[in-house]
1. Since residue A:29 meets every condition but one in (1) within 13 Å of another protein chain (Cβ to nearest Cβ); (2) part of a strand (DSSP E or B), which condition does it not meet?
2. Working carefully through the options B:47, B:34, find the one that is within 14 Å of chain A (Cβ to nearest Cβ), assigned to a strand (DSSP E or B) and touching a residue at least 60 places away in the same chain (Cβ under 8 Å).
3. Any residue at all in region A:9-16 that is farther than 18 Å from residue A:105 by Cβ and within 14 Å of chain B (Cβ to nearest Cβ)?
4. Yes or no: residue B:21 surrounded by 15 or more Cβ atoms within 10 Å (Cβ to Cβ), away from every other protein chain (no Cβ under 13 Å) and modelled with pLDDT of 95 or more?
5. Give me the pairs: first residue in region B:89-112 and more than 8 Å from chain A (Cβ to nearest Cβ) and at pLDDT below 90, second residue surrounded by fewer than 23 Cβ atoms within 10 Å (Cβ to Cβ) and assigned to a loop (DSSP other than H, G, I, E, B), beta-carbon distance under 7 Å, and six or more apart or on different chains, which are they?
6. Suppose we keep only residues that are surrounded by 13 or more Cβ atoms within 10 Å (Cβ to Cβ) and more than 11 Å from the chain's Cα centre (by Cα) within region A:18-30. Which one would you say is farthest from residue A:75 (Cα to Cα)?
7. Looking only at region B:69-106, which residues are surrounded by fewer than 16 Cβ atoms within 10 Å (Cβ to Cβ) and more than 21 Å from residue B:12 (Cβ to Cβ)?
8. What number of residues within region A:51-85 are touching a strand residue (DSSP E or B) at 6+ places or on another chain (Cβ under 6 Å) and touching a residue at least 60 places away in the same chain (Cβ under 8 Å)?
């Protein structure tokens, strides 16, 4: 069964550094998402992406964050200058199409640790 | 603003018995509801969903019930198995956007 894959599984970085989290969504999916989960908290929406542009973003997704789909397969999340509070699990997800009956499919996440 | 709430952080059930996980929501624009299961070190896995035009959807041992007037949904697992032990997330989407809203999760432990 097709999967969403994310790399790396764990990223450690120093505060102020830039990080890029990578995702390969399921190949015939059209909608792409980033979510994050801070330890012990809920899964929070960051951004959705469709047709090569951001379709929706949350308050968390400020100017420090950006997303890109540089080629036909990868979908990346960049954090320009990481802060301690960016430490979390970051999940990429994709969805085949719009409409009511299409769930999100998640990758296994990247654990980001900012020191 | 917590639009999807799971008020029970944990639940323990004996193997073979029914597990009932509950979820409440506040946004009347939600029209599609989902349950996800999450094991440690893995991403959430889609389990079952229900559209707002239905009040019940069944898939094997898993049944989701939706009570729109109460803004409440529940997931029933019958019979519960030890492999069902995981964190279960309720999620909802409204028809005005692409965003899915998640609850904080309920950790289910099925005791052999």
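1. Going through the list (1) within 13 Å of another protein chain (Cβ to nearest Cβ); (2) part of a strand (DSSP E or B), residue A:29 breaks only (2).
2. Unique residue meeting the criteria: B:34.
3. yes
4. When the stated conditions are applied, residue B:21 passes them.
5. The qualifying pairs are B:94/B:27; B:94/B:29; B:96/B:29.
6. By that ranking, first place goes to A:19.
7. B:69, B:70, B:72, B:95, B:96, B:97
8. 4
The values are calculated or read from the model by the stated rules, or taken from the named source; none is laboratory data. A quick note: this is a predicted structure, and the numbers were derived from the prediction, not measured. No Cβ is skipped: glycine too gets one built from the backbone with ideal geometry, and neighbour counts run over all protein chains shown.
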